[in-house]
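So the structure is just underneath, and the comments pick up after that.
Each value in this text was obtained by applying a stated rule to the coordinates, not by laboratory testing. As the structure is a computational prediction, the values presented were derived from the model and not from experiment. Cβ: placed from backbone, ideal geometry, glycine included. Neighbour counts: every protein chain shown.
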Amino acid sequence: MAVKLTERAAEEVVRFRSEHNFGDEMVLRIGVAGGGCSGFNYTLNFDENFDEKVDSKFECHGVNVVVDKKSALYLDGTVVDWYDSLEKKGFTFENPNAVKTCGCGSSFQA
């Protein structure tokens, strides 16, 4: 499994999906894209497309997650969590493949 959602992260995904009336066919797509201050940005979005040839699909705490196979090379073992405090709110990524991360935590270098 390339990526794992914590229970808190899964609850936030379910809440967001419900709040925006997304149906069960919408999956959470996690990936990486070039850019950011460290080289790669994490991407999170909802998608209704899944292609067995280029994507891996799995279920984590009731959430269907899709990761494209190229991103999976950089995300293997990554844990996505939900952080909520007075100064910061959002998803966090604990990526064992990251050699360097930026201060905001949204980009990394592999």
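Remarks
- For a straight C-alpha distance cut-off of 16 angstrom, the lysines reachable from Lys4 (same-chain residues fewer than eight places away being disregarded) are Lys57, Lys69.
- Scattering curve values for the range 1-59, log₁₀ I(q)/I(0), Debye with Cα scatterers, q = 0.12, 0.22, 0.30 Å⁻¹: -0.35, -1.04, -1.31
- When peptides 22-31, 77-86, 47-56 are ranked by their average number of other Cβ atoms within 10 Å per residue, the highest-first order is 22-31, 77-86, 47-56.
- About its Cα centre, the dipole of the chain is roughly 420 debye, where the only charges are +1 on Lys and Arg Cβ and -1 on Asp and Glu Cβ.
- Between the residues Trp82, Val13, Asn49, the greatest Cα displacement towards the positive end of the dipole of the chain, with unit charges on the Cβ of Lys, Arg, Asp and Glu, is found for Trp82.
- Among Val65, Val14, Val32, the largest mean-square fluctuation in a Gaussian network model of the chain (Cα springs under 10 Å) belongs to Val14.
- The local environment of Arg29, defined by Cβ-Cβ distances under 12 Å, has a net charge of -4 under the rule Lys, Arg +1 and Asp, Glu -1.
- For the peptides 57-63, 5-11, 40-46, the ranking by mean Cβ contacts within 10 Å, running from highest to lowest, is 5-11, 40-46, 57-63.
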